[in-house]
Amino acid sequence: MKAIVIEKPGEINIIDREIPNITTNQVLIKVKAAGICGSDVHIYHGKNAFATYPRVVGHEFVGEIVKIGKDVKGFQEGDRVAVDPVVSCGECYPCKIGRHNVCRNLQVMGVHMDGGFQEYVAVEYQQLYKLPENIPWEIAATVEPFSIGAQVAHRGRLSASDTVLICGAGPIGLIILQVAKMKGAKVAILDIVETRLKKAKELGADKTINGKEKNITEAINEFTNGEGVNLIYEATGNKNILQTCIRELPSPAGRIVVLGFTTDELSFRQVDIMSRELEIIGTRLNNHRFAEVIEWFKQNRVQQKEIITHTFPFEKAKNAFKLNDEKPEEVFKIILTF
Ligand SMILES: NC(=O)c1ccc[n+]([C@@H]2O[C@H](COP(=O)([O-])OP(=O)(O)OC[C@H]3O[C@@H](n4cnc5c(N)ncnc54)[C@H](O)[C@@H]3O)[C@@H](O)[C@H]2O)c1
Ligand SMILES: [Zn+2]
Ligand SMILES: [Zn+2]
């Protein structure tokens, strides 16, 4: 079988490998489609602090079960499945309190261990979620990024009464936007790439802010009549934006949910957090949110096609990564087909 391997930062190859063996608790999946995510690109560029090399990347993948271990329950050959890439130990404090996505011994497929950019992959059956027949593979490959949207909604306690600011209209920002509109919130979204803001407008953003053209604080004051936003999602990964979010943009009792993961330090004033009782909330991956997302897909509550701009056969993965780097105004999400 073929596998897409990032040998070391900057070097991507398609290699031949043995089809993996499965344990009694695993199934063998024939991968059908997989999305390229910002984190795959970061691993390619050597900018992901969690990754080790060589690595088969890909954590947004779906496929068909072709072989079953003898202890697997609830699945059979031929089932179409989405794979939750989060693997946890079950023993540590976060695991014990039901927060396995921040497990001390967290292993994410495609980051800490090999992922889905290969023709076959062995997976524990507890990571599987059945997909309905009528969802095409390319669409199904977006279950994992939408699970980020579900997770951040829970983390931020997103509700219809919130006025929300989403910083960043990349694939993740556009997914959070869809979830926030689905919940009935009023939403502003910030970016510096006009095509991404245009897409946000089409997806129902109440206000778009181009940070290159407009002062963010002024824009938010106009949007909220000076009240500030109740809930902020920082999905640019830019520390200066997060700093502005904490200092200048929230209403009293506001929440700021942090998605980006730079290692830069930032400065803010204690009193700005204290006096407004701000909450600064981290969010990582998803905590068993696949079933909820598949339900959204079944009920046509989200528009997955709006974020998929390109599809490539996996043999062209190099071209796909290149395009992703070179054309941020054209590329939102690329799906590889197998
Ligand atoms: N916490 C998690 O579980 C999790 C999961 C997925 C992604 N992420 C992170 O969320 C962020 C968004 O992911 P993505 O895939 O959409 O990434 P992306 O890079 O495609 O999108 C980021 C967007 O922010 C915009 N941006 C960058 N700097 C800006 C600035 N100074 N002002 C305004 N806009 C700016 C970019 O134009 C882009 O549209 C990334 O930082 C990613 O690492 C976190
Ligand atoms: Zn992803
Ligand atoms: Zn654990």
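The values are calculated or read from the model by the stated rules, or taken from the named source; none is laboratory data. Bear in mind that the values here come from a model prediction, so they are computed numbers and not experimental data. Using ideal geometry, Cβ is built from the backbone for each residue, glycine included, and neighbour counts are taken over all protein chains shown.
Do we find that GLU7 is closer than 30 Å to THR263 by Cβ, among the charged types (D, E, K, R) and part of a strand (DSSP E or B) in this structure? Let's see the steps before the verdict.
Values: closer than 30 Å to THR263 by Cβ: yes; among the charged types (D, E, K, R): yes; part of a strand (DSSP E or B): yes.
So GLU7 fits the description; yes.
Given region 226-338, what helices (runs of 4 or more DSSP H) lie entirely inside it while holding 3 or more residues that are of a type in the set (S, T, N, Q) and without any contact (Cβ under 8 Å) to a residue 60 or more places away in the chain?
Details: elements: 239-248, 270-275, 290-298, 317-326.
Filter on region 226-338 gives 239-248.
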- Message: Looking at (1) more than 16 Å from ligand 2 (Cβ to nearest atom); (2) of a type outside the set (D, E, K, R); (3) more than 24 Å from LEU203 (Cβ to Cβ); (4) touching a helix residue (DSSP H, G or I) at 6+ places or on another chain (Cβ under 9 Å), which one does LEU231 not meet, given that it meets all the others?
- Response: (3)
- Considering only region 229-282, how many residues are small (Gly, Ala, Ser) and surrounded by 22 or more Cβ atoms within 10 Å (Cβ to Cβ)? 2
- The residue from HIS42, HIS100 that alone is away from ligand 2 (no atom under 16 Å from the Cβ) and either buried (at least 19 other Cβ atoms within 10 Å of the Cβ) or basic (Lys, Arg) (or both) is HIS100
- Message: Given the options GLU248, GLU234, GLU218, name the one that is at pLDDT 95 or above, under 17 Å from the mean Cα position of the chain (by Cα), closer than 22 Å to LEU266 by Cβ and acidic (Asp, Glu).
- Response: GLU234
- Message: Tell me whether region 164-176 contains one or more residues that are surrounded by fewer than 24 Cβ atoms within 10 Å (Cβ to Cβ), out of contact with any strand residue (DSSP E or B) (no Cβ under 9 Å at 6 or more places or on another chain) and among the hydrophobic types (A, V, I, L, M, F, W, C).
- Response: no
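Go through region 13-27 and report how many residues are outside any loop (DSSP other than H, G, I, E, B) and out of contact with any Phe, Trp or Tyr (no Cβ under 6 Å at 6 or more places or on another chain). Explain how you work it out, then say what you get.
Step one: filter region 13-27 for residues outside any loop (DSSP other than H, G, I, E, B), giving 13-16, 26-27.
Cutting the leftovers down to out of contact with any Phe, Trp or Tyr (no Cβ under 6 Å at 6 or more places or on another chain) gives us 13-16, 26.
The number of residues fulfilling the criteria is 5.
To keep it simple, each residue is scored yes or no on (1) touching a Lys or Arg at 6+ places or on another chain (Cβ under 9 Å); (2) in contact (Cβ under 8 Å) with a residue 12 or more places away in the chain.
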position: PRO132; (1), (2): yes, yes
position: PRO136; (1), (2): no, no
position: GLU144; (1), (2): no, yes
position: LEU158; (1), (2): yes, yes
position: VAL164; (1), (2): yes, yes
position: GLY168; (1), (2): yes, yes
position: ALA185; (1), (2): no, yes
position: GLU202; (1), (2): no, yes
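Considering only residues that are of a type in the set (Gly, Ala, Ser) and surrounded by 24 or more Cβ atoms within 10 Å (Cβ to Cβ), look in region 177-199 and name the one that is farthest from the chain's Cα centre (by Cα). Write out each step before concluding.
Pass one, region 177-199, residues of a type in the set (Gly, Ala, Ser): 180, 184-185, 188.
Cutting the leftovers down to surrounded by 24 or more Cβ atoms within 10 Å (Cβ to Cβ) gives us 180, 188.
Values: ALA180: 15, ALA188: 20 Å.
The extreme case among them is ALA188.
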